[in-house]
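Have a look at the structure below before the remarks.
Every number in this text was worked out from the coordinates using simple rules, so none of it is lab data. Keep in mind it's a predicted model, so treat the numbers as computed, not measured. Note that each Cβ is placed from the backbone with ideal geometry, even for glycine, and that neighbours are counted across all protein chains shown.
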Amino acid sequence: MQFSLLISVVVDAFLDMLLVAEAYPNNPAIIMVPGAFHSPQVFYKVKRQLSQVNYKFLDPVALPSVGHVVGRQSDIDAVKPGTDQHLNAGRDVVLVGNSYGCTVIGEAVEGAPGYSDSSSSALVAGAKARGRIISLIYLSGYIPTIQEVNHPETKLDIHSVSPALFKYNDDTGEVTSDGDKDLPPQKAFYNLLPPKEADYWTSKLSFSSFDALNATATYIPYAGDFEVVYVVGKQDNSVPPAWAQTFIDQPGAKFIVEHLDADHVPMLSKPEEVTDLIVKYSKPSAFVRI
Ligand SMILES: *[C@@H]1O[C@H](CO)[C@@H](O)[C@H](O)[C@H]1NC(C)=O
């Protein structure tokens, strides 16, 4: 009697272990897209922390429009094939953007299967199910409005709507982030980092391509097609909370909103909090609405 009880306890524990081990591969792939001027290195802290909690597929993306004069399509093309590869392998995907990177991921998911999309979950007998996009996470998103996508003729040139820190070189098509003497990148992007670290990341900035930044978006993912989380940085000097709120308050926008005590690049200043949010919103159950 006691012996068989012991056996069953051991067997149960063993099965639990198997279940836990099996849960790890179910973590989605995380695609991470930085903002204008930035390299994907800014995700290194978050990438390390995600790998410590058993995320295996972690893809920071280098935007071609950072350091090269190219259009927005090049940026979208840097995100889409990698996303499709995971989906085709049956793996779910979360896309994380920072600032202009949110514009890019928003365009890249057009046509991809979302979680609320029941048609795409239909299992064809014998065929392997495609993965789905679980969520898009906008960290301090600098994004197109519904109005400018529906009425492109109303979209303004970014010369007139960009933050004062954007400096335009109209001859070369390059935009840099040192246009505001009172708000250098150390304050515009990294105001919560220690000064030395803020200087380091400032030294890593490059120019962005005007054509990529000024392009008119063609698709809005946050009006119902996908689960989109907007993360507002309470101490963000580039897309301050009041500006972020104008994106959130648009008629037809369906964001899940989170607030972090963060600056414009929270992956560097608040990596643990960002990691927690990615973990939270990489579970489809986070979006069950009652
Ligand atoms: C920037 O975008 C605006 C609005 O879409 C457009 O009218 C303008 O021509 C663009 N600027 C340049 C220099 O291409």
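Annotations
- Alpha-carbon Debye profile of region 150-225, log10 I(q)/I(0) at 0.20 Å⁻¹: -0.93
- Of the DSSP H helices in the chain, those whose Cα atoms cover at least 15 Å axially and whose Kyte score averages -0.5 or more: 2-23
- Coarse-grained scattering of the chain at q = 0.10, 0.11, 0.12, 0.14 Å⁻¹, given as base-10 log I(q)/I(0) from a Debye sum over alpha-carbon atoms: -0.55, -0.65, -0.76, -1.01
- Computed lengthening from K204 to Q186, 0.36 nm per intervening residue step minus Cα-Cα distance: 5.3 nm
- Each DSSP beta bridge with both residues in the chain is either parallel or antiparallel, and the antiparallel ones are about 20%.
- Here the Debye sum runs over all C-alpha atoms of region 160-199 as equal scatterers in vacuum, and log10 of I(q)/I(0) at q = 0.17, 0.19 Å⁻¹ comes out as -0.49, -0.58.
- Calculated mean residue ellipticity at 222 nm for the chain: -10000 deg cm²/dmol, from DSSP H runs with n ≥ 4 weighted as -39500 (n - 2.57), summed, divided by the residue count and rounded to 500.
- The fewest-to-most ranking of D59, D276, D182 by surrounding Cβ atoms within 10 Å reads D182, D276, D59.
- Rh (Kirkwood; distinct C-alpha pairs) - region 161-290, Å: 16.6
- The stretch between V53 and E110 holds 17.6 nm of extra length on full extension. This uses 0.36 nm per residue minus the Cα-Cα distance.
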